[in-house]
Structures are given as C-alpha cells and as structure tokens.
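The values are calculated or read from the model by the stated rules, or taken from the named source; none is laboratory data. Fair warning: this is a prediction, and the values are worked out from it, not measured in the lab. Virtual Cβ from ideal backbone geometry, glycine too; neighbours counted across all protein chains shown. With ligands, DNA and RNA removed, areas are computed over all heavy atoms of the protein, side chains included. Shrake-Rupley method; radii C 1.70, N 1.55, O 1.52, S 1.80 Å.
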Amino acid sequence: MTREPATAKLNLALVVGRAREDGKHEVATVYQRLDLADRVALSPAPRLRVDGFAADTLVRRALERLAEAAGVAPSWEARLTKRIPVASGLGGGSSDAATALRLANETLESPLPANRLRELAAELGADVPFFLSQGPQLGLGDGSELTPLDLPQDYWVVLLLPRGAEKLSSGAVYAAFDERDGGTGFRHRRAALRRAVGEVGRAADLAELPPNDLASSPLAAELLELGAFRADVTGAGPVVYGLFQHLEKARRARATLKARGRTWLTVPAWYG
C-alpha cells in the first residue's frame, strides 16, 4: 500500500467573472499548497473500495474514471485520513481525488500520460488539476488552465474555521454572486491580478493581490490587526487565512483566535 499526503490549498486571490455558456464561471486565481494535509493510502484490490471518509464521492469517481479511461476494472482500495476540514475552501476533496488518481495511475501496466491524467482531473472539478502540479499556479478559465508562478514561500499561515460557520453549496455561493452582478469588470480585475502577481518579489508583496470576489469575512480585518500582512477568505470559504512574516506573531494570532473557532498554524508547501 502506497501512502502520500494530499495537501490543502489557499486561493491567495480569486477573481470571478460571469457564467459561461457551459455554466462555469470565468475565474483568475492564485493557488498555493499548504503543509496541512490529508493522507491517502492506495493499493490494488479485488474491487473498488474507499474507506476512512463515509461522505466521499470524489475519490471513488476519480478511480472509476481512471479505470474507464485505461480500459481496466476499478480494482483499488483507497483509505483516506482526513485532517483538512471538509467544505472549508481548502480543497481537501479535490486534493484527495488528485492524489488517488496519481497513485492509482502508477499501478497500471500502461499508465496514462500526464496530459490525459490532467484532462481526467479537470472533468472531476476545476481545482483537481492543480493538485497534480508542483508549486504555486495561476488558474484561468474555470480555474483548471494552469501556469506556474514563482512566488515566495517564506511565511507562516494561520487558518481559522469560524465556530458555527456553515458553507453554502458552491452553486449557492455563485448564485448569490450572480444576483449582485459580481462579474462586472472581470477583465479589469483579472488584468490587475496578473499585474500584481508579476510584481511579487518578496512575501509581503502578496498583500497587493486583489481580495476574494466570492466571499469576505470581518475576521480578515482582525487577522491584519494581529499582524498578518495579508488576510482573506480562501475559495468560497468559510476558512479565513492570515499570512505572517514572523512565527511569534503567527503563534500569538492563533492563540487569540482559538476562541473564535478551529485554528491551524502551517506553512506553504511546494508539492504533496
């Protein structure tokens, strides 16, 4: 049985446009892996089985699609150990699916090439292809069109899942975005994001990235008051993150915010 981490992600920026003809929204986002990770263990088995997380559908679907594409039976056992909070904006389900997809592909007599594996990942969800890549990425289109970014990795990350926070479905979040006509000016905001990314030379420059279009939280302002140089919601939320240049400030901020919900102190990661 092969075991590997399935890392969480941050959307260091998320700019969203109007819905396309296929129903997906145009986005421009900056993906960054985190050291916080689930664990995926996978081995060949007589039949497909996914254990450890009863609510999983994405890992199972990933393995079924891989078997179909490879012309084989879905004969794997996957075991998930969840550490990333579910439905939080941190991409745990997508990361699990990508990790299982990659591990299962390696067991095939004729593994699928990397480009075909990325196509399968994109069919599973816009975030999934990112977890087959290394390092920070700029996601365009629906988020699955990736370009590597050279971004600093020398900072600390405090994550806060507010107590009692309930994430709306992605459909509901995007519907609310459409109702307020949030996609207006997307091209301008996308261009501003790309300019800001191009000007990042040190960690503190990440503060100049535009805010999340989909979700916001007053807790981001509190993180800034506690010493973060950037704070925002990741994805559609509800997790709020703060980026810190100094470990002691990050530790103090986490201690202060523990009364508000679950907290984590982590760092950027380059690969799973």
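In the set Glu21, Glu77, only one residue is in a loop (DSSP other than H, G, I, E, B) and either at pLDDT below 95 or open to solvent by 10 Å² or more (accessible area, probe 1.4 Å) (or both); that residue is Glu21.
Of the residues making up the stretch 123-148, those that are crowded, with 17+ Cβ neighbours inside 10 Å, assigned to a loop (DSSP other than H, G, I, E, B) and not hydroxyl-bearing (Ser, Thr, Tyr) are Gly125, Ala126, Asp127, Pro136, Asp142, Gly143. Is it true that Ala55 is open to solvent by 10 Å² or more (accessible area, probe 1.4 Å) and over 30 Å from Asp150 (Cβ atoms)? Judged against the criteria, Ala55 is a match.
Is at least one residue of the stretch 91-101 assigned to a loop (DSSP other than H, G, I, E, B), at pLDDT 95 or above and within 20 Å of Ala236 (Cα to Cα)? Within the stretch 91-101, one or more residues are assigned to a loop (DSSP other than H, G, I, E, B), at pLDDT 95 or above and within 20 Å of Ala236 (Cα to Cα).
Restricting the first member to the stretch 216-230 and to residues that are closer than 17 Å to His246 by Cα, and the second to residues that are in a helix (DSSP H, G or I) and among the polar types (S, T, N, Q), the beta-carbon pairs closer than 7 Å and six or more apart or on different chains are Leu226/Thr256. A count restricted to the stretch 194-208 and to residues that are of a type outside the set (Val, Ile, Thr) and crowded, with 20+ Cβ neighbours inside 10 Å stands at 1.
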